[in-house]
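The values are calculated or read from the model by the stated rules, or taken from the named source; none is laboratory data. Note that the structure is predicted; figures quoted are calculated from it, not measured. Neighbour counts are summed over all protein chains in view; Cβ atoms, including those assigned to glycine, are modelled from backbone coordinates with ideal geometry. The accessibility values were calculated without ligands, DNA or RNA, using every heavy atom of the protein model including side chains. Shrake-Rupley method; radii C 1.70, N 1.55, O 1.52, S 1.80 Å.
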Amino acid sequence: MTVPNTPITVPKKSQEAILKFQSECLAMMRQHWNLRTRMEQIDRQYQREVDYTKEQARAKASNISGNPIELQNITVPVVMPAVEAAVTYQASVFLTGNPIFGVVASPESMDAARQMESLIEDQQVRGGWIRELIMFLRDGFKYNLAAVEVDWSRQVTAELETDLSRTTEGIPKQTIWQGNTIKRLDPYNLIFDSRVPATEVYKKGEFAGWTEKMSRIALKDFISKLPDKMIENIKEAFESGCGGDGQSHYIPCVNPAAMLDQNQPVGTTNWLAWAGQEEANRSGAIEYKNSYEVCTLYGRILPSDFGLRVPSPNTPQVWKFIIVNNSVLIYAERQTNAHGYLPVLLAQPQEDGLSYQTKSLGQNVSPIQDIASSLWNSVLAARRRAISDRGLYDPSRVSPEHINNPNPSAKIPVRPSAFGKPLSEAYYPIPFNDNQSGILMQETQSVLKMADYITGQNPARQGQFVKGNKTRDEYQSVMANANGRDQLCALLLEDQTFAPLKHIIKTNILQYQGGVSLFNRQREEVVKIDPIKLRTAIMEFKISDGLTPIDKLINADSFKMAIQVIGSSPQIAGSYNIGPLFSYLVKTQGGDLKSFEKSAEQIAYEQAVAAWQQTTVEIAKAGGQQFPPQPTPEQFGWKPTGLTPSLAQNQRQMDVTRVNNITNNISTQEQ
């Protein structure tokens, strides 16, 4: 198996240059950008956590304490439904296949295509591609900036072996799995070269990476899996603390009622005391910290600038650096991937040429959410006024404590000065006429429709019932037009991200994949991977996806018509393979008959049996006694599944019995 990349040990002076390079990359992101502030604002709108007024805080606290009378302000959900509807559509386009990137090939390369498909299916499951890509799509529609890393990874797994001489239990044996992994990168902690458009960073940018936080054990495990790490720097890395120029890892505070407050200071843990070995403060013992910031940075660099003694030092090369707490370099490797890209792909679902000024889908509908919320809260303010009481009273006759008593059934005593005077003169209620709430609710609906105009969506797309009389064709026409913008976005995402993503996946497999045997879930068979055959077929097949919406394949009326014509037209039967054609048409409607299709060997055997039966009948009618031998499945390479040898023999005996019955003119049923 090919070694994917080339780790090296970096001299001390070169390490200092690499740390300076990382520091400058972080500084570039901090000086001119307000990414984190803008993304946090969008997340607050998405989570509907934007109202921090005293009135809202009081009403919320009152409700929490058990008083349901207080009415809280409401934030009308507009951003979240629009984002989720867009994510749902794109996920149905790109991520519903099995595997999500299907493989097609010419007939002579079908075996290689089957191998590639099996590899992608296995790596998709092991790498959790679907989860990562769904979060990637959600980031794109919330922030108009999303990123994923595509890497050829090595993971330690276990296989079970049985040693009957020792035990009947399976004995785990450590093995190494290698394959493509996809990792969604947190936009809050993303590092990239902002001098080029985001969608071109992977091929034109000088650097891209991210920062993540790890515990002591997680960092231990992470370092143990790195090949050829810098052993001399490991102790220093574990003893370094988060800090310095301000922690680069950032967690936004969006939900004040979160189950876990991740922004509380983490402090420092004395791990020796935790392990009961505090007295063993031996010289050389590692003083671990509670958490660590780990920065993974890909750079397109000139090795000569860093004093790295490698071949072609004045030629741009892609390198990977791993730095702990922005101060200790623990890993450096040259990326020898054939694709030559930074393996970090950035996407902007809304791309109009304004680069980083383009608003995201969430930002575009955020003002609509604010306006709709203001209108609704005006209605709630009227409700509060209606259930409360505003009036003028004479404090010489009625005390303020009694007049403001919250108990609705409390009696109000009057002071002695009110004796002998009309009580109506002691209190005058201010009349309230709520004639605007109905108008405000109508205006709210009009405002919400503006969000549909902005996103190109409609209520039916969001799973909402829509009243009205429409024929099926009218409804399908409306929905087809409603999908127009989503299809345009899918085309953009295909070119921005999924095309280079598939290219990197395919190139990595062709470059690094070794010989293994995998079970293909779709075909229900074991596929043996031949790397040589894969590489020789590199120009003969490609990776595809579900970019074509299912509505464009065939609709229900056309499907019914096609089935009727296929069954009644001999010309069509003579021009097409009816079985696979029928399976394809059913698949366009969500069904899958692939597992029920007969193999070519079974079809040939059954045709031979039918011909043998016809010949035997003709010989019997003519009074002949010499019959041709009955065909067997083995002669055609067909191995009947689900039939034991005895059942297969019984089937052949039934065929012989049928011939004897015809010969003897017996018309009874088969025994």
inquiry  = Rolling a 1.4 Å sphere over the protein heavy atoms, what is the accessible area per residue of the stretch 296-350, to the nearest Å²?
reply    = 32 Å²
ask   = Once the Cβ-Cβ distance between LEU492 and GLU84 is put in as r, and R0 is 22 Å, what FRET efficiency do you end up with, to the nearest 0.05?
value = 0.70
key: Positive-end residue, the stretch 69-146 charge dipole about Cα centroid, Cβ charges, pick of LEU71, PHE136, ALA86   = LEU71
message = Can you give me the distance in nm between label points at ALA499 and LYS421, each placed 7 Å from the Cα along the Cα-to-Cβ direction?
response = 8.7 nm
task = Could you run the Karplus curve 6.51 cos²θ - 1.76 cosθ + 1.60 with θ = phi - 60° over the stretch 201-211 and give me ³J(HN,Hα) per residue in whole Hz, x for Gly and Pro?
result = 4, 5, 10, 10, x, 8, 7, 6, x, 7, 10
ask   = If the chain between LYS533 and ALA608 were fully stretched, how many nm would it gain, using 0.36 nm times the residue separation less the Cα-Cα distance?
value = 23.5 nm
task = Could you tell me the distance between the Cα centroids of the stretch 14-40 and the stretch 382-449, to the nearest Å?
result = 59 Å
inquiry  = If I model a spin label at SER399 and ALA562 as a point 7 Å from the Cα along the Cα→Cβ vector, what separation in nanometres do I get?
reply    = 8.5 nm
ask   = Rounded to the nearest 0.05, what FRET efficiency is calculated for ILE578 and GLU169 with R0 set to 60 Å and r the Cβ-Cβ distance?
value = 0.70
query = Under a 1.4 Å probe, what is the accessible area of the stretch 1-121 per residue, stated in Å²?
reply = 51 Å²
ask   = What is the calculated FRET efficiency for LEU226 to ASP51, with r their C-beta to C-beta distance and R₀ = 60 Å, to the nearest 0.05?
value = 0.80
query = Contour minus end-to-end for ASP305 and GLN350, with contour as 0.36 nm per residue of separation and end-to-end as the Cα-Cα distance?
reply = 12.5 nm
Cα-based reach from LYS173 at 20 Å (exclusive), listing lysines while leaving out same-chain residues under 8 positions away = LYS225
query = Under 20 Å from the Cα of LYS204, which lysines turn up, not counting those fewer than eight places away in the same chain?
reply = LYS320, LYS502
message = Give me the one-decimal nm value for the distance between modelled label points at ASN67 and ASN435, 7 Å along each residue's Cα-to-Cβ direction.
response = 3.3 nm
query = Which net charge results when you count Lys and Arg as +1 and Asp and Glu as -1 among the other residues whose beta-carbon is under 10 Å from that of LYS204?
reply = 0
inquiry  = Restricting to Cα pairs below 8 Å that are 6+ residues apart, what does the relative contact order work out to for the stretch 1-93? Please round to a whole percent.
reply    = 21 percent
